[in-house]
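The next block holds one structure in the form of structure tokens; read it before the comments.
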Amino acid sequence: MKHLFASGHTACVGCGEVLPVIMVVDTIGPNAIYVSATGCIEVFSSRYPESAWEVPWIHSLFENAAAVASGIASALKISGRKNEAKVVALAGDGGTADIGLQALSGMLERGDDVLFVCFDNEAYMNTGIQRSGSTPFAAATTTSPAGKLWLGKMQRKKNVPAIVAAHNVPYVATASPGYYADLKNKVKKALTFEGPKYIQILSPCPLGWRSDPAMSVEIAKLAVQCGLYPLYEIVTRSENQSGFRGNGELRVTIKVEKRKPVEEYLKLQGRFRHLFDKPEGKAVIQEIQTIADENAEKYGYGEVAK
Amino acid sequence: MKKTVIVEGSKAVSEAVKLCRPKVIAAYPITPQTHIVENLSQIVADGELDAEFVHVESEHSAASVVLGASATGVRTYTSSSSQGLLLLLEVLYNLAGMRLPVVIGCVNRAVSSPLNIWNDHQDAITARDAGIIQLWAEDAQEALDMHIQAYKIAENKEVLFPVIVNLDGYIISHTFEAVEIPTQEEVDSFLPPYQPEVYLTPKNPLSFGAFADWNYYQEVRQIMQETIEKSKEVILEITKDFAQHFGRDNGSLVEKYKTDDAETVVIAMGSICGIIKELVDELRNQGKKVGLLRIRVYRPFPKEEIYQALKNVKNIAVFERCLSVGSGGIVANEVKSVFYGKEKQPRISNFIGGLGGRDLPKDLFRGIVERAEKEVIENEFVAVRTELIKD
Ligand SMILES: Cc1ncc(C[n+]2csc(CCOP(=O)(O)OP(=O)(O)O)c2C)c(N)n1
Ligand SMILES: [Mg+2]
């Protein structure tokens with residue numbers, strides 16, 4: 001099969017971000033216009049004079065992908081070309097949760113017909129693994145290092161899907177490249193809605209997470225199985241229905257009956273290594289387990305399998 | 001039918017924008033640009049213009065929306081002032097590099113801090129290096145005319161640069177003046193629909209806004225410089241073409257007001273030129289050979305035009321309403337560089353004033369002319385309240 005995102009791009013070995021990019025682009029097909037925020041995706045796909053994009057694509061800046069996408073959607077609408085292409089914005093977690101949050105919120109509030117996909121590798125990877133609002137609790141990055149006083153990032157991960165859902169948009173989902181069928185379904189389903197759609201995809205980064213490049217898909221699965229990255233969708237409108245319908249129904253798409261302990265997920269990643277090396281780490285791991293337990297309760301996941 | 005009406009400057013600009021038929025408008029309110037966004041919203045709300053009005057949450061997004069829309073092949077408009085222009089400056093560089101022909105109205109206002117909502121030229125001058133064409137209006141009529149010309153300049157295949165049309169906050173934007181509003185037919189016959197050669201479409205999947213390393217980046221910038229220099233010819237042609245269509249000749253890249261035999265010439269931009277022209281007339285009546293050179297097109301900077309117009313004058317007095325803190329006059333430095341290494345070397349003095357909306361009475365310019373006739377003055381602030389400056 002010919003991919004619409006061509007080989008020859010410069011993503012790292014085992015990159016867990018390019019993988020879901022290819023999944024998303026192939027699922028959507030050729031009739032779409034893509035906007036990339038500045039970040040790894042844009043850099044590994046568009047180094048002049050080459051381009052991995054077999055679909056129309058534009059990169060403008062770091063924080064404005066949602067607004068550029070709004071401009072494209074408006075132009076298509078006003079010139080009667082709406083059926084020509086879907087509009088899809090692609091951004092990292094920094095371009096979504098932090099510097100891009102304002103533009104994203106504006107786009108969501110206006111109700112523009114855009115699918116916004118956040119590739120959540122949980123840090124600013126393109127600039128060398130700095131902490132973002134989406135970096136999880138206790139993960140070490142170059143700006144939230146483990147040190148004498150700090151044990152990695154001492155704040156919890158920003159819940160962007162909830163922020164997006166608070167805008168009452170038709171469709172919000174989380175996904176993981178460890179669950180390709182689920183991811184594909186969500187992309188397809190999202191595109192059946194008119195208006196803003198948001199999908200946040202966990203994107204393991206071997207370099208930033210200090211994990212084995214061969215394990216990226218496995219890690220993407222484990223994140224779900226331990227309850228730290230629950231996969232769900234929030235549907236505010238039934239398919240093909242326009243208008244507003246309250247706060248939306250949350251549906252867990254990947255049910256986990258027997259949860260893995262978070263340790264199994266954490267120990268595969270160097271960014272959590274300090275938790276295993278330092279005596280204070282034990283309590284922190286317990287806190288992370290509590291986060292997973294809270295998620296389990298909220299999303300109906302089962303007990304941790306002993 | 002063509003009609004002359006008494007309207008506020010912002011209304012004149014909004015009418016001009018409407019007549020140019022942009023398809024996507026995105027703007028965020030800021031004093032003193034607000035009346036333009038409000039008028040345009042009403043125009044779209046009333047169905048007088050078939051356009052999408054995108055209600056953005058910031059100027060950064062306003063510029064980004066028009067960037068996306070322009071790249072998708074439609075004509076666009078945005079407008080701002082002061083802090084708003086600075087906030088979208090990042091996008092402005094981006095628009096210029098991608099060579100997207102968006103038109104931006106800038107209602108000129110001082111930049112904070114201190115917070116100040118009144119007129120000076122600091123905002124647009126700060127954007128001078130971005131790779132945009134900058135037109136500077138003297139009155140509401142010219143602001144209207146320049147908006148119509150701006151689209152034709154920006155979209156010309158030999159140009160393809162964003163264009164900023166500058167009009168002084170309050171003095172032009174909020175003042176009622178007699179303005180001739182052209183008809184839709186007239187504008188349509190002057191300005192053809194926007195038909196870009198490349199744009200975002202699955203029919204021809206191209207990549208826009210690539211990442212270019214040191215092997216490619218510099219040449220992109222060099223081509224920008226060379227092309228924007230060449231755009232001077234296109235701007236001149238379009239101004240002539242405009243005069244033929246509308247019967248109003250706005251002149252060249254610079255307006256030469258009684259400069260031909262002048263001994264002393266003031267250089268300025270914007271609405272203040274009206275007062276300086278009055279002064280020139282008065283001084284001429286007293287037998288003094290004084291003139292005004294008004295910069296209409298600030299980017300590309302009209303070096304050759306300034307040299308040719310002023311090579312035989314004795315004294316030049318550059319007056320500007322902006323400041324490079326740590327250097328001084330900005331326009332003055334550029335004017336000085338025009339004469340560097342040239343055969344003719346007029347004496348150039350420069351004055352800074354009217355910042356944050358301070359009033360600029362005619363007599364002030366009388367003093368500037370007198371001072372420049374006597375000696376060479378560098379970076380002198382005028383109409384200073386010395387009691388506010390303590391050692
Ligand atoms: C206004 C601005 N600030 C900072 C940067 C530097 N910068 C470029 S990409 C990036 C981080 C990207 O992180 P993320 O959005 O998570 O994407 P990733 O590279 O991790 O996929 C940063 C900080 C920039 N390009 N623009
Ligand atoms: Mg990231």
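Using the Cα gyration tensor of the range B:279-391, with a ≥ b ≥ c the square roots of its eigenvalues, what is the shape: rounded (a/c below 1.5), prolate (a/b larger than b/c) or oblate (neither)?
Since a/c reaches 1.5 but b/c is at least a/b, the shape of the range B:279-391 is classed as oblate.
Quick one: putting +1 on the C-beta of Lys and Arg, -1 on the C-beta of Asp and Glu, what dipole do you get for chain A around its Cα centre, in Debye to the nearest 20?
On the way: 34 positive and 31 negative charges, 49 e Å.
Taking the Cα centre of chain A as origin, the dipole is about 240 debye.
When the dipole is taken about the Cα centre of the range B:3-246, and only Lys, Arg (+1) and Asp, Glu (-1) are charged at their Cβ, what size is it in debye, to the nearest 20? Walk me through the numbers before you get to the answer.
On the way: 16 positive and 33 negative charges, 102 e Å.
Magnitude of the dipole: close to 480 debye.
Hey, got a sec? Which GluC sites (Glu not before Pro) in the range B:359-391 land in a DSSP loop and have at most 14 other Cβ atoms within 10 Å?
Those that pass, being in a loop and sparsely packed, are B:Glu375, B:Glu378.
So how do A:Asp293, B:Asp359 rank on accessible area, 1.4 Å probe, biggest first, that is with the largest at the start?
Of A:Asp293, B:Asp359, the descending order of accessible area is B:Asp359, A:Asp293.
Accessible area per residue of chain B at 1.4 Å probe, in Å²?
Per-residue accessible area for chain B comes out at 40 Å².
Could you check what % of the DSSP bridge pairs in the protein assembly as shown are antiparallel, to the nearest 5?
Looking only at bridges with both residues in the protein assembly as shown, the antiparallel portion is about 25 percent.
Using a loss threshold of 30 Å², tell me which positions in the range B:191-217 are less accessible in the complex than in their chain alone. Probe radius 1.4 Å, ligands and nucleic acids ignored.
When all protein chains are present, B:Leu200, B:Pro202, B:Pro205, B:Ser207, B:Phe208, B:Gly209, B:Ala210, B:Phe211, B:Asp213, B:Tyr216 each give up 30 Å² or more of accessible surface.
With +1 assigned to the C-beta of every Lys and Arg and -1 to the C-beta of every Asp and Glu, and no other charges, what is the dipole magnitude of the range B:1-147 about the Cα centre in debye, to the nearest 20? Before the final figure, lay out each step's value.
Working: 10 positive and 17 negative charges, 71 e Å.
Here the size comes out at about 340 debye.
Would you work out if the range B:106-186 is rounded, prolate or oblate? Take a ≥ b ≥ c from the square roots of the eigenvalues of the alpha-carbon gyration tensor; rounded if a/c is under 1.5, else prolate when a/b is larger than b/c, oblate otherwise.
Oblate, since a/c reaches 1.5 and b/c is not below a/b.
Give the share of C-alpha pairs in each 10 angstrom bin for the range A:18-299, from 0 to the last occupied bin, in whole percents, shortest bins first.
Going from the shortest bin to the longest, the percentages are 7, 30, 36, 20, 6, 1, 0.
What whole-number value in Å² describes the accessible area per residue of the range A:77-178 for a 1.4 Å probe?
About 35 Å² of surface per residue is accessible.
Roughly speaking, to the nearest percent, how much of the protein assembly as shown's 1.4 Å accessible area is carbon and sulfur? Can you show the working numbers first?
Values: 14600 of 28010 Å².
Result for the protein assembly as shown: 52 percent of the exposed heavy-atom area is carbon or sulfur.
With the dipole of the protein assembly as shown worked out from charges on the C-beta (+1 for Lys and Arg, -1 for Asp and Glu) around the Cα centre, which of B:Thr259, A:Ile199, B:Val297 lies farthest toward the positive end?
A:Ile199
Taking the Cα atoms only, what angle lies between the long axis of helix A:18-28 and the longest principal axis of chain A, rounded to 10 degrees?
30
For n ≥ 4 DSSP H runs only, could you compute -39500 (n - 2.57) per run for the protein assembly as shown, divide by its residues and tell me the 222 nm figure to the nearest 500?
-11000 deg cm²/dmol
Once A and B are treated as a pair rather than alone, how much accessible area drops out, both sides summed, in Å² to 100, probe 1.4 Å?
3100
The values are calculated or read from the model by the stated rules, or taken from the named source; none is laboratory data. On a predicted model such as this, the values are computed, not experimentally measured, just so you know. So basically every Cβ, Gly included, is an ideal-geometry build from the backbone, and we count neighbours across all protein chains shown. Areas reflect the complete protein model, heavy atoms only, side chains present, ligands, DNA and RNA absent. Shrake-Rupley method; radii C 1.70, N 1.55, O 1.52, S 1.80 Å.
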